[in-house]
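One structure is given below, encoded as structure tokens.
The values are calculated or read from the model by the stated rules, or taken from the named source; none is laboratory data. The shown structure was predicted, so the numbers you read here are calculated from the model rather than taken from an experiment. Don't worry about glycine lacking a Cβ; one is built from the backbone with ideal geometry, like all the others, and counts go over all protein chains shown. Each accessible area value is taken on the protein alone, full model and side chains, heavy atoms only, with ligands, DNA and RNA left out. Shrake-Rupley method; radii C 1.70, N 1.55, O 1.52, S 1.80 Å.
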Amino acid sequence: MEVTNKYIVIKNHIEDAPKESHFEIKTEPFALSLEPGSDNVIVKNLHISIDPYLITRMKSYSTSHKVISFTTPVTPGKAIDAIIIGKVVTSGNAKFDKDDLVLGVFTWAEYSVVKEENIIRKLESSEFPLTYHLGILGFGGLSAYAGFFEICKPQKGEKVFVSAASGSVGNIVGQYAKILGCYVVGCAGSQKKVALLKEKLGFDDAFNYKEETDLNSTLKKYFPDGIDIYFDNVGGEMLEAAVANMKTYGRVTACGVISEYTDAEKRASPNMMDVVYKRITIKGFLAIDFLNIFAEFSAKTMDYLRNGQLEVIEDKSLGVESIPSAFVGLFNGDNVGKKIVDLAEE
């Protein structure tokens, strides 16, 4: 049997901010059968995770390209791989049966031919929506959990600052911090997002960074005694201002640098005198560094969800055609929470 398969490619490498014109929707015939002896599977993609780090893979050069396998560069004209949930429609592999739900690294497409090593795990039915495994119960949630608890080692009552706090990771970090009993302030790019942080997610305070002309003074206002923990999702000037306002022995978790992904001239230059004399720890990490605690993270987070201690924020678009605009929107501040493109229902 043969179907028509739509998929997304980049026309050329993207060196600055992405635009929808950088992408192309391609259509080609797609066989739902495998070659005899193949141990691959064919997956119908259901839900696609839209993540900003992919922009580094779309560049002709990035220092991240040779660091780890999932940051290897994307080839113009070829399908783009990402974290996706799909349903097996054909299997040549004894480990996977037709109709299995799987999470893995598939392609921005309606259908993907997948090697076993690209399937992260099967997904069993649970009381939670399937898309949670792309966000709060997936790598976004693990990033929040590991970056906050494992790297920052927070204590009840500490002062926590979260940038991009309405984004897919930041909103979860802030909620974890409140569950622990910390004082939490977040920044976001609109008054609507600020209201969400304070009124729905329980942040103690929040501000719109676009309305602030002096970030150093702004943080001093919200943290007159200094910041214990800064969970950094943006880099740039915000990191500089946060370091200037850190307490002695403050901890900075570097999870993302979205302000620097699209501007080669924008590089954070924190005051190293502060770093040295305040003995500030700044540590970068990747979620995959902490797969050893995935079971712990998953169990605790599911308990928080069952107890109503965590709110889940998802921002969804529909159809392959919406992938370019969904991705571009990440860099324009359009999304709130985890950005997902739904292709089909389970």
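Please enumerate the residues belonging to segment 74-108 that are of a type outside the set (S, T, N, Q), more than 19 Å from Gly256 (Cβ to Cβ), assigned to a loop (DSSP other than H, G, I, E, B) and touching a helix residue (DSSP H, G or I) at 6+ places or on another chain (Cβ under 6 Å).
Scanning segment 74-108 gives a single hit, Trp108.
Give me the pairs: first residue in segment 113-140 and closer than 26 Å to Asn171 by Cβ and open to solvent by 20 Å² or more (accessible area, probe 1.4 Å), second residue assigned to a loop (DSSP other than H, G, I, E, B) and of a type outside the set (S, T, N, Q), beta-carbon distance under 7 Å, and six or more apart or on different chains, which are they?
Close Cβ pairs (under 7 Å, with a partner that is assigned to a loop (DSSP other than H, G, I, E, B) and of a type outside the set (S, T, N, Q)) amount to Phe128/Leu137; Leu130/Leu123; Leu130/Glu346; Tyr132/Val312; His133/Leu123.
Out of (1) open to solvent by 80 Å² or more (accessible area, probe 1.4 Å); (2) closer than 21 Å to Leu130 by Cβ, what's the single condition that is false for Val41?
If we test Val41 against (1) open to solvent by 80 Å² or more (accessible area, probe 1.4 Å); (2) closer than 21 Å to Leu130 by Cβ, just (1) comes out false.
Checking the conditions here, which among Arg306, Arg279, Arg267 is open to solvent by 40 Å² or more (accessible area, probe 1.4 Å), more than 19 Å from the chain's Cα centre (by Cα), at positive phi and among the basic types (Lys, Arg)?
Of the residues listed, the single one that is open to solvent by 40 Å² or more (accessible area, probe 1.4 Å), more than 19 Å from the chain's Cα centre (by Cα), at positive phi and among the basic types (Lys, Arg) is Arg279.
Can you tell me how many residues in segment 1-32 are open to solvent by less than 70 Å² (accessible area, probe 1.4 Å) and of a type outside the set (Val, Ile, Thr)?
Final tally of qualifying residues: 11.
Residues that are within 21 Å of Gly329 (Cα to Cα), more than 18 Å from the chain's Cα centre (by Cα) and either modelled with pLDDT of 95 or more or acidic (Asp, Glu) (or both): does segment 167-190 have at least one?
Looking for residues that are within 21 Å of Gly329 (Cα to Cα), more than 18 Å from the chain's Cα centre (by Cα) and either modelled with pLDDT of 95 or more or acidic (Asp, Glu) (or both), one finds at least one in segment 167-190, hence yes.
Cβ-Cβ below 8 Å, separation at least six or inter-chain, first residue in segment 240-252 and part of a loop (DSSP other than H, G, I, E, B), second among the hydrophobic types (A, V, I, L, M, F, W, C) and surrounded by fewer than 24 Cβ atoms within 10 Å (Cβ to Cβ): which pairs?
Asn245/Phe223
Can you name the residue in segment 94-112 that is farther than 23 Å from Lys316 by Cβ and surrounded by 17 or more Cβ atoms within 10 Å (Cβ to Cβ) and is also farthest from the chain's Cα centre (by Cα) among such residues?
Ranking the candidates gives Phe96 first.
How do the pairs read when you match residues in segment 297-319 that are under 13 Å from Leu137 (Cα atoms) and in contact (Cβ under 8 Å) with a residue 40 or more places away in the chain with residues anywhere that are among the charged types (D, E, K, R) and buried (at least 18 other Cβ atoms within 10 Å of the Cβ), using Cβ under 6 Å and keeping only pairs 6 or more apart or on different chains?
Short answer, once both residue conditions are applied: Glu314/Lys338.
Mind listing whichever residues of segment 320-346 are open to solvent by 30 Å² or more (accessible area, probe 1.4 Å) and without any contact (Cβ under 8 Å) to a residue 24 or more places away in the chain?
Asn332, Asp334
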